[in-house]
Amino acid sequence: MSMRSHYCGLVTEALTGESVSLCGWVNRRRDHGGVIFIDLRDREGYVQVVCDPDRPDMFKVAEDVRNEYCVQIKGVVRARPDGTTNDNMKSGKIEVLCHELIVLNASVTPPFQIDEENLSETTRLTHRVLDLRRPYMQNNLMLRYKVAMEVRKYLDENGFVDIETPMLTKSTPEGARDYLVPSRVHDGQFFALPQSPQLFKQLLMVAGYDRYYQITKCFRDEDLRADRQPEFTQIDIETSFLTEEEIRDMFQGMIKRVFLKTIGVDLGEFPVMTYQDAMHIYGSDKPDLRVKLQFTEVTDVMGDVDFKVFSGAANMKGGRVVALRVPNGSVEGGGISRGEIDAYTEFVKIYGAKGLAYIRVNDLSKGREGLQSPIVKNIHDAALTAVLERSGAQNGDLIFFGADKEKIVNDAIGALRIKIGHSAFGKANGLFEDRWAPMWVVDFPMFEYDDENQRYTAVHHPFTAPKDGHEDWMVTAPEKCISKGYDMVLNGWEMGGGSVRIHRADVQQKVFDALKITPEEAQIKFGFLLDALQYGAPPHGGLAFGLDRIVTLMTGAESIRDVIAFPKTQRAQCLLTQAPSPVDEKQLRELHIRLRNLDAVKSA
């Protein structure tokens, strides 16, 4: 018999009476009056092993084993006694009567029990190897593997070819800071780690590999949060000779199949919403459709009210005033309390809002007297009527307001919408629908204006194609240009996004002109792409999905760190390996690098 005949978690009643050889780790050892029970664990789950004193040599070994010992067990599968079955385990109806127990390797006392809950993330990441033994993490990583396999199967069936692109490449402006790698051979020059394979996959289209994909690492030196990592995994895809709609249809099919095959979820229909509508209704380009709250636009009726917060926003360039009606928010005894309103006021300040105005709708039949709010006296009848009618307000509702620059309003009230919808109040009052809510957001603007630098920037990236007929606006009115860009959104997370690309050098030059990138600068940064576009570049487009985000959504994990084997912290550190770390002076000299004020750097 080989060292292992079966995985622990796959031993079932179908093997009753058979001899098995199992390898794994001791999860628990229990001594029950002379009989020792060992819960043996491997990546597929647990099995209960019974060590009987009738075999003294084996029993003596069993007395000495402890948690996390790596052992081999040989024995016979038998049914568990009546009343001791565990329906939560595949092996819950059987146990293995041990005939031979071999310690393959002992273990020191672990810093925590593998089945312990409520561990701090610092502890988990510091002892990541042990953390990865936990069933929670093993299930997550196994699901990640299955997702990647289903993606590969789908793409292979549709004629896509897996092609690797360089990890050491040229630093180009793509929206975030690059990770730079100094060259030892070329003094004073640097490679950059790729933020994405964007330029190379376009070059592959020009080269005739009309259906490319790659599951690859990307690197961005940006501020981190729960759904970001300095290095992350991207399902990167590009194709030639397909329209925007054909690209969306193909990869909607891929995501639907992946969810169905891996977790048994049918995502159903994918509604399509324009960027403009998403921002108008939800204040977000990745709206969570499970939350049943929407913005009510009231900018047009607030320009002449006495409440200066509203009239000031309504009259400023780029200002906006919106209302957010919360049904039953003012119901006595079951609505949103004053203390909760104060907490929401502090919450929206995170997003730049200066405060949070509100109106309690107590009794519409009483007119103004039926409305409770410090601001009502400063809003004339026409504006109040518009707010109540447009929002569909009913007795017992609470109406919040956002008034400021459009971005601040969208960010603050959009975040408030999500927070209320996901709260205990929101769920109790039917403001949150527990379902999978996929969608496409399309027709993104080509450019957004950067007030600080007094120039336009690309919303996606500078290689995104404009809608047909919008090419000339890039010179005369960049703010009017709509792109052939699209994002796939699920439950308020951007799962993936992309666009049809520019395949003509003259159109690409117009984009650079709009972005104030000079021909000389463009040649230095993107010359290899611009040159390639001159050689009969085909119409092409694609998109990229975040593998980490997809698996995080599937598992319901709070952070993408829970679906990555060896992640970084929010300070971009690896607690397991203690990276980043200093390097010796010899290495720095070989790279022609000298640290300024080295002692201060080390002490920091």
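Among the residues in the stretch 183-203, are any within 18 Å of the chain's Cα centre (by Cα), in a strand (DSSP E or B) and touching a residue at least 24 places away in the same chain (Cβ under 8 Å)?
First pass over the stretch 183-203, keeping only residues within 18 Å of the chain's Cα centre (by Cα): 195-196.
Pick out the ones that are also in a strand (DSSP E or B) and you get none.
No, there is no match, as no residue in the stretch 183-203 is within 18 Å of the chain's Cα centre (by Cα), in a strand (DSSP E or B) and touching a residue at least 24 places away in the same chain (Cβ under 8 Å).
Out of all the residues in the stretch 144-162, which are farther than 30 Å from Leu132 by Cα and of a type outside the set (Phe, Trp, Tyr)? Show your work before the answer.
Within the stretch 144-162, the first condition is being farther than 30 Å from Leu132 by Cα, and the residues that meet it are 156-161.
Answer for the stretch 144-162, where residues must be farther than 30 Å from Leu132 by Cα and of a type outside the set (Phe, Trp, Tyr): Asp156, Glu157, Asn158, Gly159, Val161.
Given the criteria within 24 Å of Asp562 (Cα to Cα), at pLDDT 95 or above, open to solvent by less than 60 Å² (accessible area, probe 1.4 Å) and in a loop (DSSP other than H, G, I, E, B), does Leu242 qualify? Can you show your working first?
On the way: within 24 Å of Asp562 (Cα to Cα): no; at pLDDT 95 or above: yes; open to solvent by less than 60 Å² (accessible area, probe 1.4 Å): yes; in a loop (DSSP other than H, G, I, E, B): yes.
Judged against the criteria, Leu242 is not a match.
Out of the residues in the stretch 263-302 meeting the condition of being open to solvent by 30 Å² or more (accessible area, probe 1.4 Å) and acidic (Asp, Glu), tell me which one is farthest from Ala314 (Cα to Cα).
Looking at the filtered set, the residue picked out is Asp266.
Condition first: of a type in the set (Gly, Ala, Ser) and either out of contact with any helix residue (DSSP H, G or I) (no Cβ under 8 Å at 6 or more places or on another chain) or over 14 Å from Met446 (Cα atoms) (or both). Now tell me which residues in the stretch 500-519 satisfy that. Even if it seems obvious, please write down each step before you answer.
Of the stretch 500-519, the ones of a type in the set (Gly, Ala, Ser) are 505, 514.
Once the filter is applied, which keeps residues that are of a type in the set (Gly, Ala, Ser) and either out of contact with any helix residue (DSSP H, G or I) (no Cβ under 8 Å at 6 or more places or on another chain) or over 14 Å from Met446 (Cα atoms) (or both), the stretch 500-519 yields only Ala505.
Would you point out the residue of the stretch 555-568, among those that are open to solvent by 20 Å² or more (accessible area, probe 1.4 Å) and farther than 14 Å from Asn139 by Cβ, that is modelled with the lowest pLDDT?
Here the residue is Glu558.
If Ala522 meets every condition in (1) small (Gly, Ala, Ser); (2) over 14 Å from the mean Cα position of the chain (by Cα); (3) surrounded by fewer than 17 Cβ atoms within 10 Å (Cβ to Cβ) apart from one, which number is that one?
(3)
In the stretch 115-125, what residues are out of contact with any Pro (no Cβ under 8 Å at 6 or more places or on another chain), open to solvent by less than 70 Å² (accessible area, probe 1.4 Å) and more than 20 Å from Asp548 (Cβ to Cβ)?
Result: Leu119, Ser120.
Among the residues of the stretch 138-152, are any part of a helix (DSSP H, G or I), open to solvent by less than 70 Å² (accessible area, probe 1.4 Å), touching a Gly at 6+ places or on another chain (Cβ under 8 Å) and of a type outside the set (S, T, N, Q)?
Within the stretch 138-152, none of the residues are part of a helix (DSSP H, G or I), open to solvent by less than 70 Å² (accessible area, probe 1.4 Å), touching a Gly at 6+ places or on another chain (Cβ under 8 Å) and of a type outside the set (S, T, N, Q).
Name the residues in the stretch 64-84 that are over 39 Å from the mean Cα position of the chain (by Cα) and in a loop (DSSP other than H, G, I, E, B), would you?
Step one: filter the stretch 64-84 for residues over 39 Å from the mean Cα position of the chain (by Cα), giving 64-65, 72-84.
Selection gives Val65, Arg80, Pro81, Asp82, Gly83, Thr84.
For the stretch 120-137, what are the residues that are of a type in the set (D, E, K, R) and assigned to a helix (DSSP H, G or I)? Please lay out each step first, then the result.
The first filter runs over the stretch 120-137 and keeps only residues of a type in the set (D, E, K, R), leaving 121, 124, 128, 131, 133-134.
Result: Glu121, Arg124, Arg128, Asp131.
Residues checked against (1) in contact with an Asp or Glu (Cβ under 6 Å, 6 or more places away or on another chain); (2) in contact (Cβ under 8 Å) with a residue 60 or more places away in the chain:
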| residue | (1), (2) |
| --- | --- |
| Val326 | no, yes |
| Ser365 | no, no |
| Asn378 | yes, yes |
| Glu389 | no, no |
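What number of residues in the stretch 457-491 are within 15 Å of Ile502 (Cα to Cα), open to solvent by 40 Å² or more (accessible area, probe 1.4 Å) and in a strand (DSSP E or B)?
Qualifying residue count for the region: 1.
Got a number for residues in the stretch 1-34 being open to solvent by 40 Å² or more (accessible area, probe 1.4 Å) and either closer than 17 Å to Arg66 by Cβ or not in a loop (DSSP other than H, G, I, E, B) (or both)?
10
Which strands (runs of 3 or more DSSP E) does the stretch 383-450 wholly contain that include 3 or more residues that are open to solvent by less than 30 Å² (accessible area, probe 1.4 Å) and over 23 Å from Val272 (Cβ atoms)?
On the way: elements: 398-405, 438-442, 447-450.
The qualifying strands (runs of 3 or more DSSP E) are 398-405.
Report yes if some residue within the stretch 305-316 is touching a Leu at 6+ places or on another chain (Cβ under 8 Å), surrounded by 15 or more Cβ atoms within 10 Å (Cβ to Cβ) and under 24 Å from Asn395 (Cβ atoms); otherwise report no. Break it down into steps so the answer makes sense when it comes.
Taking the stretch 305-316 as the starting set, the residues that turn out to be touching a Leu at 6+ places or on another chain (Cβ under 8 Å) are none.
So far as the stretch 305-316 goes, no, none of its residues is touching a Leu at 6+ places or on another chain (Cβ under 8 Å), surrounded by 15 or more Cβ atoms within 10 Å (Cβ to Cβ) and under 24 Å from Asn395 (Cβ atoms).
Just one of the numbered conditions (1) touching a strand residue (DSSP E or B) at 6+ places or on another chain (Cβ under 7 Å); (2) modelled with pLDDT of 95 or more is not true of Tyr449; which one?
Of the numbered conditions (1) touching a strand residue (DSSP E or B) at 6+ places or on another chain (Cβ under 7 Å); (2) modelled with pLDDT of 95 or more, the odd one out for Tyr449 is (2).
Would you mind telling me which numbered condition in (1) open to solvent by 60 Å² or more (accessible area, probe 1.4 Å); (2) part of a loop (DSSP other than H, G, I, E, B) Gly92 fails?
(1)
The values are calculated or read from the model by the stated rules, or taken from the named source; none is laboratory data. Treat the numbers as computed from the prediction; the structure is a model and nothing was measured. Because the Cβ atoms are built from the backbone with ideal geometry, glycine has one as well, and the counts that use them run over all protein chains shown. To get the accessible areas, we keep the full protein, side chains included, count just its heavy atoms, and leave off ligands, DNA and RNA. Shrake-Rupley method; radii C 1.70, N 1.55, O 1.52, S 1.80 Å.
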